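This report concerns only the one structure given below.
The values are calculated or read from the model by the stated rules, or taken from the named source; none is laboratory data. Bear in mind the structure is a predicted one, so any value in this text is a computation, not a measurement. Cβ placement follows ideal geometry from the backbone for every residue including glycine, while neighbour counts extend to all protein chains displayed.
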Amino acid sequence: MKDQAINLENPQYYFNRELSWLEFNYRVLQEALNEKTLLLERLKFTAIFSANLDEFFMVRVAALKRQIEAEVTKLTPDGRTPLQQIQEINTRLRPLVKQQVENFEYNLKKELINHGIHLINFVDLNQEQRNYLHQYFDNNIFPVLTPLAVDPSHPFPHMSNLSLNLAVLVKNPDTGAELFARVKVPKTLPRFVNFPLELRQVNHQEENLIWVGIPIEQVIAHHLSSLFPGMNLQECHNFRLTRGADLGVQEDEADDLLLAIQQELRRRRFAGSAVRLEIHSTMPYNVKQMLMQGLNLEEMDIYEIDGLLGLNDLFALTSLPLPELKDKPWNGVTPPPFDQFQELEMAKENDDDNSVSEQFFAMIRKSDIMIHHPYHSFTATVQQFITQAAHDPHVMAIKMTLYRTSGDSPIIKALIEAAENGKQVVALVELKARFDEENNILWARKLEKVGVHVVYGIVGLKTHTKIILVVRKDKDKICRYVHIGTGNYNPKTAKLYTDIGLISCREDLGADLTDLFNFLTGYSKQKAFRKLLVAPVTMRDRMIGMIEREIEHCKNGSTGRIVAKMNSLVDLPVIQALYRASQAGVKIDLIIRGMCSLLPNIEGISDNIRVISIVGRFLEHSRIFYFNNNGEEEIYIGSADWMGRNLSRRVEAITPIEDPKLLKQLQEILGIMLSDNTQSWELQSDGSYIRHICQNGEKEINTHEILMKMATNN
């Protein structure tokens, strides 16, 4: 098939991004269904599936609904309108939700019982347990409940996002009128009420009971008479509401971005349009209609659940002290050469003793260092880097970006200490990091109070790049030390997400980060960088240029080879470049955890492209890009996926890895992933995924287990 005859705009060559995301969550669900997965890990994946769906509706479905309301009819690259996408999401999602609920209600709950974990119903309680719950309700629940009536004098109540509620029908005994009220289940209380040790009895069984509890909504439902004295209770039914959650701040119209986002966050809890209503399947038609009318929802927005609502709350049970039902805990190892600093801690009271920090920075000057989380300890590497810089008397300045960090962040603590030690500290805090806005506002205020220069980025762009620049006076010259990574500076997620980072004192990288921070904090209009690929300035063109270079190598009689690992691939120009590369004979392997709008193995279009997804113990988050370049191999790591938002609407940085030893390590990591036959799924040309299953006699290759062993053995 000749290039001229192929129209790469043809919708049949693209996988809808929303449907592709649902396939990713389907792979998550399969971990919950997999009997080889340990029980509490299956429970964890059940909760993750639900939490993922919450965000999907709050962001993606909400965006589609806004497009429908605005009468947008523009087609996606795969040829679908917003309405068609909503309809197909419903068609694909409903059986998945049903499968999830049935698996929990009929499989996981039984297996939990076999291990002494009982999530029971109120009707199964004995009298002592009921007495305990009555007292618990009076003391802990009743004071925080607020029933809201709905009638001509009480308009339909505002309901917060992701709230679990009871729809209550009561009858006035004097007038015979049936009335409706809503009771919100308070989020300030545990979702599951745990019985004390002396009341752990189920069906007269008292031995080997590890945990016995009941959903809090059942406790409320059986004590509603306390909320409606004098009324005749008719019935009550559970429902759960999801609202759209995207921020609507117009940055260029906000004099104080921090204040504007704080105000928008308060508005978000209630003002976002309702996008999904989950109800128990026993809810009668008239109650459902009343909720639909009050929330302005349609039938396709209703998800009937034949079981427990809000399965994301099962996270609470995964922390039960049953190590045999969970993956063996993994603590990242301290990699060489950091191991020499593992037992050393700078004495804060002795500022003259800087031998440790001197050795630390000398180690970086010796050679580039690559860190791979969670296999390598975040605390012993990245956190150590920032802490040493904060206390070293020769460090003059620290600059870093903060997209997401933990609530008790040692990174923030180190920056505060650096400012208190008289160093110039610049923190670029991204206030628009979705669902972490409140946390970031908190730390921004705290940093400002101690004199840290807090910057909120560039109007119209999210700052997503993961970079640190340390400026230090080394003997007779100024030296710049850098960290450029793929993941957030968050010690908690660094234990769960796979990410790669480079620590270096290469002069060209230091100069590039200096220019990039000037771009972020001042009025610089930097158009070129020495080594870095920076979005939205150079990254897309450079990436497509390297794909085109592989095409030229093939056309000149050589071979072309690309391996790219990322979270998502949806950018149309990049996909079309990959299609052209495949047609030219370039062999392409893509490791895409989540959304992938490219379809492989289409005859004449993507015959030479293979796409796999790895879903397992850790969340694959690193971005690695390999280009063979006719034997002059190049590998890049950084913060950006091949998505329009990353390449056009975010500040991102990707760095080349130039140390031959580190190049070899990255190639080995990619090779392990491409050989995985236990955690990997392969994308088919029709958009479905097939799981790789280890055949009889075949050696099992599990990416996460192999990389844990490799880290331990080094």
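Given the criteria crowded, with 19+ Cβ neighbours inside 10 Å and assigned by TED's automatic domain parsing to the domain that holds residue 108, does residue 43 qualify? For residue 43, the condition - crowded, with 19+ Cβ neighbours inside 10 Å and assigned by TED's automatic domain parsing to the domain that holds residue 108 - is met. Tell me whether region 2-19 contains one or more residues that are within 23 Å of the chain's Cα centre (by Cα) and closer than 28 Å to residue 327 by Cα. No, there is no match, as no residue in region 2-19 is within 23 Å of the chain's Cα centre (by Cα) and closer than 28 Å to residue 327 by Cα.
Restricting the search to region 678-709, which residues are surrounded by fewer than 16 Cβ atoms within 10 Å (Cβ to Cβ) and either among the aromatic types (Phe, Trp, Tyr) or modelled with pLDDT under 95 (or both)? Answer for region 678-709, where residues must be surrounded by fewer than 16 Cβ atoms within 10 Å (Cβ to Cβ) and either among the aromatic types (Phe, Trp, Tyr) or modelled with pLDDT under 95 (or both): 693, 694, 695, 696, 697, 698, 699, 700.
Checked against the criterion of being more than 16 Å from residue 287 (Cβ to Cβ) and in contact with a helix residue (DSSP H, G or I) (Cβ under 6 Å, 6 or more places away or on another chain), the candidates 144, 185 yield just one match: 185. For region 71-184, give me every one of the helices (runs of 4 or more DSSP H) that falls completely inside it and has 3 or more residues that are among the basic types (Lys, Arg) and under 21 Å from residue 32 (Cα atoms). It comes to 82-103. Could you tell me whether residue 501 is at pLDDT below 95 and within 22 Å of residue 428 (Cβ to Cβ)? Against the criterion (at pLDDT below 95 and within 22 Å of residue 428 (Cβ to Cβ)), residue 501 does not qualify. Among the residues of region 175-229, the ones that are among the polar types (S, T, N, Q) and more than 18 Å from residue 133 (Cα to Cα) come to 3 in all.
Among the residues of region 620-643, those that are among the acidic types (Asp, Glu) and crowded, with 20+ Cβ neighbours inside 10 Å comprise 620, 641. Helices (runs of 4 or more DSSP H) fully within region 485-595 that include at least 3 residues being under 30 Å from residue 411 (Cβ atoms) and free of Cβ contacts under 8 Å to residues at least 40 places away in the same chain: 507-521. Answer yes if at least one residue in region 522-529 is surrounded by fewer than 24 Cβ atoms within 10 Å (Cβ to Cβ) and either charged (D, E, K, R) or within 30 Å of residue 610 (Cβ to Cβ) (or both), and no otherwise. Checked region 522-529: at least one residue is surrounded by fewer than 24 Cβ atoms within 10 Å (Cβ to Cβ) and either charged (D, E, K, R) or within 30 Å of residue 610 (Cβ to Cβ) (or both). Candidates are the residues of region 447-496 that are basic (Lys, Arg) and loosely packed, with under 15 Cβ neighbours inside 10 Å; the one that is farthest from the chain's Cα centre (by Cα) is 475. Cβ separations smaller than 6 Å between residues 6+ apart or across chains give the following pairs from region 231-259 residues that are closer than 26 Å to residue 182 by Cα and modelled with pLDDT of 50 or more to residues that are polar (S, T, N, Q) and not in a strand (DSSP E or B): 241/163; 243/161; 244/273.
If you go through region 664-698 and keep only what is in contact with a Pro (Cβ under 9 Å, 6 or more places away or on another chain) and charged (D, E, K, R), you end up with just 682. Looking across region 173-217, the residues that are closer than 22 Å to residue 307 by Cβ and touching a Lys or Arg at 6+ places or on another chain (Cβ under 7 Å) come down to 212, 215, 216. Looking at residue 28, is it under 22 Å from residue 305 (Cβ atoms), surrounded by fewer than 17 Cβ atoms within 10 Å (Cβ to Cβ), within 18 Å of the chain's Cα centre (by Cα) and among the hydrophobic types (A, V, I, L, M, F, W, C)? For residue 28, the condition - under 22 Å from residue 305 (Cβ atoms), surrounded by fewer than 17 Cβ atoms within 10 Å (Cβ to Cβ), within 18 Å of the chain's Cα centre (by Cα) and among the hydrophobic types (A, V, I, L, M, F, W, C) - is not met. Can you confirm whether residue 132 is among the aromatic types (Phe, Trp, Tyr) and exposed (fewer than 13 other Cβ atoms within 10 Å of the Cβ)? Spelling it out, it is not the case that residue 132 is among the aromatic types (Phe, Trp, Tyr) and exposed (fewer than 13 other Cβ atoms within 10 Å of the Cβ).
Selection of first residues in region 109-130 that are touching a residue at least 60 places away in the same chain (Cβ under 8 Å) and of second residues that are β-branched (Val, Ile, Thr), restricted to Cβ pairs under 6 Å at least 6 apart or on distinct chains, gives the following pairs, ordered by first then second residue: 116/210; 117/210; 118/202; 118/212; 120/214.
The residues on offer are 169, 148, and the sole one that is in contact with a Lys or Arg (Cβ under 9 Å, 6 or more places away or on another chain) and more than 13 Å from residue 217 (Cα to Cα) is 148.
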